[in-house]
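Here is the structure we will look at.
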Amino acid sequence: MVLQHVPGQLSGAARVLERCDLLGRISEEPGRLVRRYATPAMREANDLVGKWMREAGLAVREDAAGNLIGRRGGDGEKTLVLGSHLDTVLDAGRYDGPLGVIGAIALAERLRDRELPFALEVVGFADEEGLRYGTTFLGSGAMAGRFPPAWLKIPDAHGVTMRDAVAAFGGDPAGIAAAARRSGELAAYCELHIEQGPVLERRGAPVGIVTAICGQTHAEVAFIGEAGHAGTVPMNARRDALAAAAEWIVAGEALARRRSGLVATIGRIDAQPGARNVIPGVVGMTLDVRHGSDAVRRQAVGELRAEAERIAAQREVELDWDARGDTAAVPTSRGLQERLAAAVSATGQRVEHLPSGAGHDGVAMSAIAPVAMLFVRCERGISHNPAEAVSEADVAVALDVLERFVSDLA
Ligand SMILES: [Zn+2]
């Protein structure tokens, strides 16, 4: 197979980065990047990306939820979907999401004159981050038939319901459920995304193959002791909830470090009553535990809880453990992992595998298609931050890998 590059033009990767810059200027707010679902900024983003899709020879439409879809190929053909999301977090970087959409357009351009035995779609999902309505995988969920109609009643911070926002955006709130793709209609869903972590950089690899999107356990954990006077209650007579929490946090960190790939985070802590001269009586915390294997994650959560119980008993404080949800890990397709690995090898790169600690649209899409994901190394692992950066050389490797991957599927 011959890789085709048009000489004398900006290289494919350079153009992808240039377009990520251009798209990164489209924001709801001056001075920082934020594009929430179904806002005028998203309209402008969809219009610009839709123009690039047409220039790559794709027929462009938007589905009822506002997902942007560029397609080549006949009706009824099995479809390979390449894509990611076009919405952002608050004060976002330029690559989380857009890199996967714009990279897929570059790929469609490269494959433009090649016959493929399947239809090819590039999708820009309208909402992955859930910033406006607090939803999870709104865009890809709609495509995968996982859109709960009750979401349409959710108001945003200004009282605008999702139903009104979708209609104002040009979507069709009543048609979202019917717009879902059927299971079996898609050959595969493949997403290119920045890693959003430091693993590939540490391994010295430009790209990595995602083995699974990690499952997550969330909980609200509280130690309940007794508030008291900081001057009069002796140390051996205290039931200090914050000291118990501190012991548990450090023990939990050690426990998580002993398991490869496990991450456990106490992201928020609140000590009551919260005064210099009062022994903390109640301390509440959030717990977030993730791993690519559900069995490993569940066992670790069990051990974290047992440790909290042990500490509570020893310190004569109470433990309140409020489970706030549990999502299963989503393994990517083994077969597609192998094809990606062959494509990485063929570009002369070392094959690296890693799980994704972050959630991605592939979680929703796994309901209707085999899923593949390729990560691109990002500078210092920084993401959800305007300092997010990828190199042109790494993006070039990713595009070569994906071109070989699609050719191999064909
Ligand atoms: Zn993302």
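Could you list, in sequence order, all residues of segment 58-108 that are among the acidic types (Asp, Glu) and within 21 Å of Glu403 (Cβ to Cβ)?
Glu77
Take segment 68-104 and flag every residue that is among the β-branched types (Val, Ile, Thr), over 13 Å from the mean Cα position of the chain (by Cα) and not in a strand (DSSP E or B).
Val101, Ile102
Quick one: which residue in Leu192, Leu186 is under 20 Å from Val81 (Cβ atoms) and more than 16 Å from the ligand (Cβ to nearest atom)?
Leu186
Sort out which residues of segment 361-410 are farther than 18 Å from Leu86 by Cα and of a type in the set (Asp, Glu), and write them in order of number.
Within segment 361-410, Glu379, Glu392, Asp394, Asp400, Glu403, Asp408 meet the criteria.
Just one of (1) within 22 Å of the chain's Cα centre (by Cα); (2) surrounded by fewer than 18 Cβ atoms within 10 Å (Cβ to Cβ); (3) within 30 Å of Asp75 (Cβ to Cβ) trips up Cys190, so point out which.
Only one criterion is unmet by Cys190, namely (2).
Output the number of residues of segment 123-140 satisfying the condition of being within 13 Å of the chain's Cα centre (by Cα), surrounded by fewer than 24 Cβ atoms within 10 Å (Cβ to Cβ) and at positive phi.
Going through segment 123-140 one residue at a time, the tally reaches 1.
Rundown of residues vs (1) at pLDDT 95 or above; (2) more than 19 Å from Ser391 (Cβ to Cβ); (3) of a type outside the set (Ser, Thr, Tyr); (4) surrounded by fewer than 21 Cβ atoms within 10 Å (Cβ to Cβ), yes/no style:
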{"residue": "Asp21", "(1), (2), (3), (4)": "yes, no, yes, yes"}
{"residue": "Gly50", "(1), (2), (3), (4)": "yes, yes, yes, yes"}
{"residue": "Arg114", "(1), (2), (3), (4)": "no, yes, yes, yes"}
{"residue": "Glu121", "(1), (2), (3), (4)": "yes, yes, yes, no"}
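Can you tell me which of (1) buried (at least 17 other Cβ atoms within 10 Å of the Cβ); (2) assigned to a helix (DSSP H, G or I) is the one Ala167 doesn't meet?
For Ala167, the failing item is (1).
Quick one: which helices (runs of 4 or more DSSP H) lie wholly within segment 287-368 and hold at least 3 residues that are open to solvent by less than 40 Å² (accessible area, probe 1.4 Å) and within 16 Å of the ligand (Cβ to nearest atom)?
362-365
Quick one: which of Ala256, Ala219 is under 30 Å from Arg334 (Cβ atoms), open to solvent by less than 40 Å² (accessible area, probe 1.4 Å), more than 16 Å from the ligand (Cβ to nearest atom) and not in a loop (DSSP other than H, G, I, E, B)?
Ala256
Under 6 Å between Cβ atoms, which residue pairs at least 6 apart in sequence (or on different chains) link something in segment 39-51 that is farther than 19 Å from Ala104 by Cα with a partner that is among the polar types (S, T, N, Q)?
Close Cβ pairs (under 6 Å, with a partner that is among the polar types (S, T, N, Q)) amount to Ala41/Ser27.
Can you name every residue in segment 176-186 that is open to solvent by less than 40 Å² (accessible area, probe 1.4 Å) and more than 21 Å from Arg36 (Cα to Cα)?
Ala179, Ala180, Arg181, Leu186
Here is a list: Ala41, Ala108, Ala59, Ala65. Which entry is more than 16 Å from the ligand (Cβ to nearest atom) and in contact with a helix residue (DSSP H, G or I) (Cβ under 6 Å, 6 or more places away or on another chain)?
Ala65
Tell me which residues, restricted to segment 300-348, are farther than 30 Å from Asp400 by Cα and of a type in the set (Ser, Thr, Tyr).
Thr327
Just to be sure I understand the filter: pairs with C-beta atoms under 7 Å, separated by 6 or more residues or on different chains, first member in segment 15-37 and farther than 17 Å from Glu392 by Cα and in contact (Cβ under 8 Å) with a residue 40 or more places away in the chain, second member surrounded by 19 or more Cβ atoms within 10 Å (Cβ to Cβ) and hydroxyl-bearing (Ser, Thr, Tyr). Which pairs pass?
Leu33/Ser27; Leu33/Thr88; Val34/Ser27; Val34/Thr88; Arg35/Ser27; Arg35/Thr88; Tyr37/Tyr133
Does Gly97 fit the bill of being more than 16 Å from the ligand (Cβ to nearest atom) and on the phi > 0 side of the Ramachandran plot?
Considered against the rule, which asks whether it is more than 16 Å from the ligand (Cβ to nearest atom) and on the phi > 0 side of the Ramachandran plot, Gly97 comes out as no.
Can you name the number of the only condition in (1) closer than 16 Å to Glu185 by Cβ; (2) away from the ligand (no atom under 13 Å from the Cβ); (3) out of contact with any Leu (no Cβ under 8 Å at 6 or more places or on another chain) that Lys78 fails?
Of (1) closer than 16 Å to Glu185 by Cβ; (2) away from the ligand (no atom under 13 Å from the Cβ); (3) out of contact with any Leu (no Cβ under 8 Å at 6 or more places or on another chain), only one is false for Lys78: (3).
Go over the candidates Ala329, Ala372, Ala389 one by one and state the one that is over 30 Å from Arg182 (Cβ atoms) and at pLDDT 95 or above.
So the residue among Ala329, Ala372, Ala389 that is over 30 Å from Arg182 (Cβ atoms) and at pLDDT 95 or above is Ala389.
Of the conditions (1) closer than 13 Å to Ala308 by Cβ; (2) in a helix (DSSP H, G or I); (3) in contact with a Phe, Trp or Tyr (Cβ under 9 Å, 6 or more places away or on another chain), Glu247 satisfies every one except a single condition; which number is it?
Only one criterion in (1) closer than 13 Å to Ala308 by Cβ; (2) in a helix (DSSP H, G or I); (3) in contact with a Phe, Trp or Tyr (Cβ under 9 Å, 6 or more places away or on another chain) is unmet by Glu247, namely (3).
Tally time: how many residues in segment 85-124 are under 16 Å from Cys20 (Cβ atoms) and of a type in the set (Phe, Trp, Tyr)?
Summing the residues that are under 16 Å from Cys20 (Cβ atoms) and of a type in the set (Phe, Trp, Tyr) in segment 85-124 gives 1.
Quick one: count up the residues across segment 344-355 that are within 15 Å of Arg203 (Cβ to Cβ) and small (Gly, Ala, Ser).
Total satisfying the criteria: 0.
Identify all residues within segment 365-408 that are touching a helix residue (DSSP H, G or I) at 6+ places or on another chain (Cβ under 8 Å) and polar (S, T, N, Q); write none if there are none.
Ser391 - this is the single residue of segment 365-408 that is touching a helix residue (DSSP H, G or I) at 6+ places or on another chain (Cβ under 8 Å) and polar (S, T, N, Q).
The values are calculated or read from the model by the stated rules, or taken from the named source; none is laboratory data. All values reported here derive from a predicted model rather than from experimental measurement. FYI the Cβ positions are ideal-geometry reconstructions off the backbone, even for glycines, and counts take in every protein chain you see. Areas reflect the complete protein model, heavy atoms only, side chains present, ligands, DNA and RNA absent. Shrake-Rupley method; radii C 1.70, N 1.55, O 1.52, S 1.80 Å.
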